[in-house]
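The next block holds one structure in the form of structure tokens; read it before the comments.
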Amino acid sequence: QVQLVESGGGLVQPGGSLRLSCAASGSIFSINAMGWYRQAPGKQRELVAVVLNGGSSNYADSMKGRFTISRDNNKNTVYLQMNSLKPEDTAVYYCNAKIKATMLDPQYDYWGQGTQVTVSS
């Protein structure tokens, strides 16, 4: 069984920074893309950023220049460094990973439980 465990959320003032972490564990043969999504109250879940196994990354336009996604393949962990946070960044942030449990298995999407990020003075 594969698990994604997130950490690093919390309350921060506007202009502040937070770093989220998400570690994948369990039966893992390979991990392709790892990414972060967020969902604010009353809104749909949206992509924040994604990083591929080779290190290339993509960001939602509103996060470019403020957020940085990275991953440590040795630790099966993805990070999201969030700087210059704004109140509109307040949301539950979810980790996502596309994982094959064994060489013969198809790739499945796995999700973390979510971590709350609140930006407020």
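The values are calculated or read from the model by the stated rules, or taken from the named source; none is laboratory data. Here the structure is a predicted model, which means the values were calculated and not measured. Heads up, the Cβs are rebuilt from the backbone with ideal geometry, glycines too, and the neighbour counts pull from every protein chain shown. Each accessible area value is taken on the protein alone, full model and side chains, heavy atoms only, with ligands, DNA and RNA left out. Shrake-Rupley method; radii C 1.70, N 1.55, O 1.52, S 1.80 Å.
Which trypsin sites (Lys or Arg not before Pro) from the stretch 69-121 combine a DSSP loop assignment with at most 16 other Cβ atoms within 10 Å?
Taking the stretch 69-121 and a limit of 16 other Cβ atoms within 10 Å, the loop trypsin sites (Lys or Arg not before Pro) found are LYS75.
When the chain is fully extended, how far beyond the present Cα-Cα distance does TYR108 get from SER7, taking 0.36 nm per residue of separation?
Extra length from TYR108 to SER7 when fully extended: 34.1 nm.
Could you tell me which residue out of GLN113, GLY35, TYR59 lies farthest along the dipole of the stretch 1-119 toward its positive end? Charges go on the beta carbon: Lys and Arg +1, Asp and Glu -1, centred on the Cα centre.
The residue sitting farthest along the positive end of the dipole is TYR59.
What's the long-distance tail for the chain, i.e. % of Cα pairs beyond 25 Å?
In whole percent, the long-distance tail amounts to 20.
What does the charge add up to near GLY35, with Lys and Arg as +1, Asp and Glu as -1, over the other residues with Cβ less than 14 Å from its Cβ?
Here the count lands on +1.
What is the antiparallel percent of DSSP beta bridges lying wholly in the chain, to the nearest 5?
Looking only at bridges with both residues in the chain, the antiparallel portion is about 95 percent.
At 1.4 Å probe size, with the rest of the protein present, what percent of the exposed accessible area of the chain is carbon and sulfur atoms?
Heavy-atom surface of the chain belonging to carbon and sulfur, 1.4 Å probe: 47 percent.
Using only Cα atoms, figure out Rg for the stretch 56-121 and give it as a multiple of 2.2 N^0.38 Å.
Here the Cα radius of gyration is 1.34 times the empirical estimate.
Return the sequence-ordered ³J(HN,Hα) values of the stretch 66-74 in whole Hz as given by the Karplus equation 6.51 cos²θ - 1.76 cosθ + 1.60 applied to θ = phi - 60°, using x for Gly and Pro.
Going residue by residue, I get 10, 10, 10, 9, 8, 8, 10, 5, 5 Hz, with x marking Gly and Pro.
Please give the charge dipole size of the stretch 1-114, origin at the Cα centre, charges +1 on K and R Cβ atoms and -1 on D and E Cβ atoms. Round to the nearest 20 debye.
Its charge dipole is roughly 120 debye.
Suppose each label sits 7 Å from its Cα in the direction of the beta carbon; what would the ARG19-ASN53 distance come out to in nanometres?
Computed distance between label sites ARG19 and ASN53 equals 2.6 nm.
How large is the accessible surface per residue of the stretch 1-117, computed with a 1.4 Å probe and reported in Å² as a whole number?
Dividing the accessible area of the stretch 1-117 by its residue count gives 53 Å².
So for each of 38-48, 12-22 I average, over its residues, the number of other beta carbons within 10 Å; can you give me the resulting order with the highest mean first?
12-22, 38-48
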